[in-house]
1. Hey, among 154, 131, which residue is touching a residue at least 24 places away in the same chain (Cβ under 8 Å) and surrounded by fewer than 20 Cβ atoms within 10 Å (Cβ to Cβ)?
2. Which one of these is within 14 Å of ligand 2 (Cβ to nearest atom), under 21 Å from residue 107 (Cα atoms) and at pLDDT 90 or above: 168, 205?
3. With (1) modelled with pLDDT of 95 or more; (2) surrounded by fewer than 21 Cβ atoms within 10 Å (Cβ to Cβ) as the list, and residue 385 as the residue in question, which single condition is left unmet?
4. How about region 82-92: which of its residues are more than 9 Å from ligand 2 (Cβ to nearest atom) and part of a loop (DSSP other than H, G, I, E, B)?
5. Write out, first by first residue and then by second, each pair whose Cβ atoms fall under 6 Å of each other, whose residues are 6+ apart or on separate chains, and whose first residue, in region 89-111, is over 22 Å from residue 245 (Cα atoms) while the second is outside any loop (DSSP other than H, G, I, E, B) and away from ligand 2 (no atom under 12 Å from the Cβ).
6. In region 262-296, what residues are in a strand (DSSP E or B) and either surrounded by 19 or more Cβ atoms within 10 Å (Cβ to Cβ) or on the phi > 0 side of the Ramachandran plot (or both)?
7. Count, please, the residues in region 66-88 that happen to be more than 13 Å from the chain's Cα centre (by Cα) and either more than 14 Å from residue 243 (Cα to Cα) or away from ligand 1 (no atom under 16 Å from the Cβ) (or both).
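The values are calculated or read from the model by the stated rules, or taken from the named source; none is laboratory data. Values in this document were obtained by computation on a predicted structure and should not be read as measured data. Cβ coordinates were reconstructed from backbone atoms using ideal geometry, including for glycine residues, and neighbour counts include every protein chain displayed.
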Ligand code: TYD
Ligand code: MG
């Protein structure tokens with residue numbers, strides 16, 4: 001006869017439940033990810049009424065601004081009452097700072113209470129940080145500790161604009177045993193916060209740690225449970241931080257928010273497109289400009305290439321900011337289709353400012369930069385290059401060309417080299433239409 005007390009195991013990777021403890025999860029194939037599942041009895045609902053309503057009778061919820069324009073934009077216009085946002089990022093990237101800034105600013109500017117629950121820092125630490133980033137307000141309420149029930153019970157005493165939970169891995173939900181941060185705890189904490197936000201019809205923001213491979217630590221279903229998942233990231237050496245929505249039930253995932261971390265917190269960067277370009281009007285061989293897209297945001301990017309005679313039997317190819325395979329492929333296209341020998345040169349490619357370009361529109365500027373460096377002839381200044389390059393050397397159209405050209409014109413570029421197959425409506429910039437890499441680089445190729 002089956003016993004009622006069978007031990008169940010949950011996979012920390014995919015969330016599947018099994019009754020057999022094995023080294024490998026039979027569902028997702030991960031090793032060593034099964035742990036004991038502590039199931040708490042489901043609370044009995046005392047209101048078993050079922051209510052359905054017409055969709056047209058549902059009023060659009062009024063969003064709550066976080067007082068941080070970039071954060072509002074990425075969220076799709078602010079926080080939604082009853083909605084839960086999960087923000088993940090590397091340790092020290094600025095998650096706590098960003099949310100404390102939002103909490104403090106709302107409390108200060110609108111004079112509405114906001115609750116900041118910290119399972120990681122003491123009241124003194126949080127309050128010190130709030131005064132350091134200039135968002136101290138008497139309406140900003142702090143709770144520090146890891147007891148979730150205790151923290152959420154303080155929401156009954158006041159009508160809060162929203163609450164922040166820092167972090168989902170540092171709290172434990174009362175009804176569950178186990179250390180904070182285990183899969184069962186993380187899932188229970190998230191579920192309790194979601195229920196509480198829906199119940200009280202106020203927004204909640206969960207801060208989440210990420211694992212070595214950049215995923216939010218905890219069960220994968222955590223991201224399915226919440227309404228919005230934001231990713232906060234940036235290069236270690238740079239003071240710039242990017243915010244992108246990975247999932248958004250209440251808005252688009254195309255918006256990009258950029259912040260600069262200063263000694264007094266995070267400041268939104270207004271002129272994003274010029275961020276990775278220092279606007280020096282010096283033409284150097286091997287440098288080509290392009291307008292890349294990060295979501296919906298156009299960014300001017302400077303692609304730099306250096307060629308040097310090789311001393312190795314196999315020439316070196318080194319790339320930063322552009323995928324190495326792509327770079328090698330484009331080098332082969334230049335070699336074959338433009339008849340520029342690359343075999344006896346080491347080639348280095350770099351996108352200035354640490355930007356990574358995965359968009360195929362970077363192909364044409366990369367080819368232009370490679371050819372310019374190998375021939376030691378600079379490209380015409382004030383020109384940007386936008387096109388995908390095929391193996392036959394053909395230039396293909398790119399996405400959202402009008403948006404890119406408009407931004408190029410605004411930044412002061414006078415001409416743009418684009419595919420002849422583009423359908424362009426914008427006429428504020430001189431268009432140089434090319435169909436093959438040969439035509440595109442005719443200036444360089446004609447000067448032998
Ligand atoms: P924090 O918000 O604690 O990061 P997270 O919560 O993502 O782990 O940010 C910590 C880093 O930010 C820390 O290394 C110092 C830096 N920082 C500043 O540069 N200026 C500031 O005003 C603050 C508050 C932090
Ligand atoms: Mg933190």
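1. Details: 131 fails: touching a residue at least 24 places away in the same chain (Cβ under 8 Å).
Sole residue among the options that is touching a residue at least 24 places away in the same chain (Cβ under 8 Å) and surrounded by fewer than 20 Cβ atoms within 10 Å (Cβ to Cβ): 154.
2. Working: 168 fails: under 21 Å from residue 107 (Cα atoms).
After applying the criteria, what remains is 205.
3. Residue 385 satisfies every listed condition except (2).
4. If the condition is that a residue be more than 9 Å from ligand 2 (Cβ to nearest atom) and part of a loop (DSSP other than H, G, I, E, B), then 82, 83, 90 are the ones that fit.
5. As it stands, the answer is 104/130; 104/140; 107/114; 107/140, since those pairs meet every condition given.
6. Residues of region 262-296 that are in a strand (DSSP E or B), as a first pass: 262, 265-268, 287-294.
Across region 262-296, the qualifying residues are 265, 266, 287, 288, 289, 290, 291, 292, 293, 294.
7. Looking only at that region, the number is 14.
Yes or no, residue by residue, for (1) within 24 Å of residue 253 (Cα to Cα); (2) touching a strand residue (DSSP E or B) at 6+ places or on another chain (Cβ under 7 Å); (3) within 16 Å of ligand 1 (Cβ to nearest atom):
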position: 57; (1), (2), (3): no, no, no
position: 64; (1), (2), (3): yes, yes, no
position: 97; (1), (2), (3): yes, yes, yes
position: 102; (1), (2), (3): yes, no, yes
position: 110; (1), (2), (3): no, no, no
position: 120; (1), (2), (3): no, yes, yes
position: 123; (1), (2), (3): no, yes, yes
